[in-house]
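The values are calculated or read from the model by the stated rules, or taken from the named source; none is laboratory data. Bear in mind that the values here come from a model prediction, so they are computed numbers and not experimental data. Cβ placement follows ideal geometry from the backbone for every residue including glycine, while neighbour counts extend to all protein chains displayed. Heavy atoms of the whole protein, side chains included, go into the accessibility calculation; ligands, DNA and RNA do not. Shrake-Rupley method; radii C 1.70, N 1.55, O 1.52, S 1.80 Å.
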Amino acid sequence: MQDRLTFIQKLSAEAGALAQELRSAQGDGFVETKGHQDFVTVADRAVEELIRSRIAEAYPNEHVLGEEAGQSGEGSALWVVDPIDGTANYMRGAPDWAVSIAFVQDGIITHGGICAPDLNIMIWAEKGKGAGSNVGEVALSQCQDPKMALLMLGWSARQTVPGHLEIIGKALEAGMEYRRNGCAVVSLLALALGRAEAYWERQVNAWDVFAMRLILEEAGAMIISPDVLSFIPNGGPFLAVVPGLEEEMRAVIGEI
């Protein structure tokens with residue numbers, strides 16, 4: 001049996017290629033709505049089905065938590081999967097979307113991998129063994145000056161508009177710049193590649209952040225969020241920040 005990291009790398013690439021293929025061949029009914037500004041495509045479901053089937057073949061006694069089909073069962077070994085994070089971007093042909101696959105053993109994220117096909121980026125990590133990518137070294141920004149820092153922001157309807165706008169105001173008052181690209185994985189990817197200094201979202205799901213959480217931890221980022229087992233059922237707040245800017249970011253986001 002191939003090791004888990006190799007399995008994740010190959011599977012995320014296969015899943016990303018399938019998503020691209022299905023988008024190119026899309027027809028009527030390709031996009032549906034799950035709620036206000038919350039979309040699902042035929043590809044979201046098909047890619048998750050592919051990932052689940054590959055995991056079942058390779059690791060038949062392990063369970064899967066996916067965005068589209070939920071959790072398959074209880075146990076100490078759990079795969080956490082987002083087939084397409086950034087669906088609103090993906091369905092419009094924008095490049096900021098990604099496949100995210102993480103493996104959790106006994107409440108610890110041990111392996112994670114991301115494939116962002118339209119960006120031609122793959123990034124991965126194994127706990128205790130560091131992170132790697134196909135675009136060079138995974139290295140955080142060394143910036144420690146908030147007036148030169150870039151904050152990536154997430155948003156969902158589970159947050160209040162005034163609360164979100166307050167965060168933007170505080171970031172600007174601290175001298176930071178900010179961006180929101182509609183994809184937690186790609187925002188966190190920017191942090192891992194030294195292109196941003198922090199990421200914050202008030203309420204995000206496990207499948208959106210678990211793979212990148214491990215990658216960023218292995219790269220040396222500070223993660224401030226509920227523990228893994230607490231996060232799995234309902235998600236929660238998530239802050240990732242380069243060392244040296246934690247105090248400034250806490251002042252921006254307030255109490256978690």
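Quantify how much of the Cα-Cα distance distribution of region 105-161 extends past 12 Å, in percent. Pairs farther apart than 12 Å: 78 percent. Surface calculation, 1.4 Å probe, protein heavy atoms: His164 sits at approximately 30 Å² accessible. What angle do you read, to the nearest 10 degrees and between 0 and 90, between the alpha-carbon axis of helix 161-173 and the longest principal axis of the chain? Orientation of helix 161-173: about 50 degrees from the principal axis.
Solvent exposure of region 16-121 amounts to 42 Å² per residue of accessible area, where only protein heavy atoms count and the probe is 1.4 Å. Other residues within the sphere of radius under 9 Å centred on the Cβ of Ser100, judged by their own Cβ, net out at -3 (K and R +1, D and E -1). The percentage of C-alpha pairs in the chain whose separation is greater than 30 Å is 23%. Extension gain, Tyr59 to Asn134, is 24.4 nm, computed as 0.36 nm per intervening residue step minus the present C-alpha separation. Positive contributions from Lys and Arg (+1) and negative ones from Asp and Glu (-1), summed over other residues with Cβ under 10 Å from the Cβ of Leu78, come out at -3.
Neighbours of Leu165 by Cβ distance under 13 Å: Lys/Arg scored +1, Asp/Glu scored -1, total +1. Take every Cα pair under 8 Å in region 145-185 that's 6+ residues apart, average their separations, divide by the length, and report that relative contact order as a whole percent. Reported relative contact order: 61 percent. Once each of the GluC sites (Glu not before Pro) sitting in a DSSP loop with at most 11 other beta-carbon atoms within 10 Å is removed, the chain keeps 138-254 as its longest stretch. Between the helical axis of 206-219 and the dominant principal axis of the chain, each derived from Cα atoms, what acute angle in degrees is found, rounded to the nearest 10? The answer is roughly 60 degrees.
Within region 131-194, the trypsin sites (Lys or Arg not before Pro) that combine a DSSP coil assignment with at most 16 other C-beta atoms in a 10 angstrom radius are Arg158, Arg180.
How many percent of DSSP beta bridges within the chain run antiparallel, rounded to 5? Write out the running numbers ahead of the final one.
On the way: 37 of 47 bridges.
The antiparallel fraction comes to roughly 80 percent.
Database remark: amide H of Trp79 closer than 5 angstrom to the amide H of His63, Val64, Leu65, Val104 (H placed geometrically; neighbours at sequence offset of 5 or more, or on other chains; Pro and chain starts carry no H). Angle between the Cα long axis of helix 4-24 and the longest principal axis of the chain, 0 to 90 degrees, nearest 10? The angle comes out at about 90 degrees. Please compute, over every Cα-Cα pair in region 136-227, the percentage with a separation greater than 16 angstrom. Counting every Cα pair in region 136-227, those more than 16 Å apart make up 54 percent.
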